[in-house]
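For reference, the structure is listed below as structure tokens.
Rule-based calculations on the coordinates, nothing more; no lab input. Because the structure is predicted, anything quoted here is derived from the model rather than measured. Neighbour counts run over all protein chains shown; Cβ positions are idealised from the backbone, glycine included.
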Amino acid sequence: MKCKTCGQKATVNLRQHRLGLCTDHFLEWMLTQTARFIKKYRMFGPDEKVLVAVSGGKDSLSLWDILTRLGYQADGLYLGLGIGDEQNPYSAESHRLAQQFADQRGLKLQVVDIRETHGQTIPQLAESVHRGQGRPCSVCGVAKRHEMNRIARDLGYDVLATGHNLDDEAAVLFGNTLGWQADLLPRQAPVLAGHDGLARKVKPLCRFYEKDMAAYAILRGIEYIYEECPFSVGSTSIYYKELLNRLESDRPGAKLAFYVKFLEARSVGLFAAQQAEVSQPLFTCPTCGQPTAHEGQCSFCRMVLR
Ligand code: Q46
Ligand code: ZN
Ligand code: ZN
């Protein structure tokens, strides 16, 4: 296969677009496409301060790399979750790689350690909430959302960017569609507007396949953590990703079409009624001052108190 731009041998085959590109043109294509999506979905402008949530993985570090190459003012945020042990020091290693990425490029990384700030690691918090039953992912999700919003607000960032790729988004959409989760479907979008103390959230990589993000990170020489979080093993979202990849291998582009057609339906108001419910005004948590959907303490404060 040849590069569509220069005719040299292609190193990356983007089957979903029927497009082959050499290394240089692939890296350039990733930049122009990201810039296009930022503009198309009105994510942020050139003068806004972006906080990129980095986990040490390929997606978030590549996102940070792309945004700085595009000239945006982008700092990183690393949340120390306290996951792993001596055999698999997942959090320690992901922190090391995120810090190394920042140091090598002279970028600013904000670091928040959940245990130092709130007294317990995510597995410890989950233990007290679930009493040893199930994964800590729901607790982890609440904590991450809370802390990311807190830091973005306290440190004066305009927007919070996460490295969710198309495989992540398609798996969430697949799960929500299987269960016809009318309350969750309208919440999925490349941009969630900020309101009532909630930071604006954006996903600039939401139209790139996971395998293309891995290619970008490798071709850019980004050192990232290969291991997934140990708690993700056997998760439903990984199962959905595998199902969608089976569909994709028979019908290249099916995964992309599933997500993009959902966004189109959303933009013409298919979920307008549910969207109106979702954007109802929020309450303020009396403990942390952050927005919450219900009166009284937010889920994070209730969790920490427990
Ligand atoms: S980090 Fe947290 Fe994930 Fe690990 S504990 Fe679950 S939610 S799997 S993205
Ligand atoms: Zn080329
Ligand atoms: Zn609170």
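Observations on the model:
- Considering only alpha-carbon pairs that sit under 8 angstrom and 6 or more positions apart, the relative contact order computed for the chain is 19 percent.
- Length released on extending from K9 to Q100, taking residue separation times 0.36 nm less the Cα-Cα span: 29.5 nm
- Summing charges over neighbours of D85, with a neighbour being any other residue whose Cβ is under 13 Å away from its Cβ, gives -3 when K and R count +1 and D and E count -1.
- Amide proton proximity set for G76, modelled H, under 5 Å, gap of 5+: V52, K108, L109, Q110
- Helical content alone sets the calculated 222 nm signal of the chain at -14500 deg cm²/dmol, taking -39,500 (n - 2.57) per DSSP H segment of four or more residues and averaging over every residue.
- The range 257-275 residues near the modelled H195 label - backbone nitrogen below 19 Å, point 7 Å along Cα→Cβ: 266-275
- Using only alpha carbons, the range 34-183 has a radius of gyration to Kirkwood radius ratio (Rg to Rh) of 0.98.
- The charge dipole of the chain, taken about the Cα centre with unit charges on the Cβ atoms of Lys, Arg (+1) and Asp, Glu (-1), comes to about 940 debye, rounded to the nearest 20.
- Across the range 115-123, computed HN-Hα scalar couplings (Karplus, 6.51 cos²θ - 1.76 cosθ + 1.60, θ = phi - 60°) run 5, 5, 7, 10, x, 9, 6, 4, x Hz from first to last residue, x flagging Gly and Pro.
- Mean separation of Cα contacts under 8 Å (6+ apart) over length of the range 22-117, as relative contact order %: 26
- Summed side-chain charge close to G289 - residues other than G289 whose Cβ falls under 13 Å, Lys, Arg +1, Asp, Glu -1: 0
- Once the Cα atoms are used to define both axes, helix 254-267 deviates from the longest principal axis of the chain by about 60 degrees.
- For the range 183-275, the normalised intensity computed at q = 0.15, 0.17, 0.19, 0.21 Å⁻¹ comes to -0.86, -1.07, -1.22, -1.30 (log10 of I(q)/I(0), Debye sum over alpha carbons, equal scatterers, no solvent).
- All Cα pairs of the chain, percent lying beyond 27 Å: 45
- Across the chain, the longest run free of exposed loop sites, meaning GluC sites (Glu not before Pro) lying outside DSSP classes H, G, I, E and B with no more than 10 other Cβ atoms within 10 Å, spans 87-294.
- With Cα atoms as the point set, the range 223-306 shows a radius of gyration and Dmax of 19.4, 52 Å.
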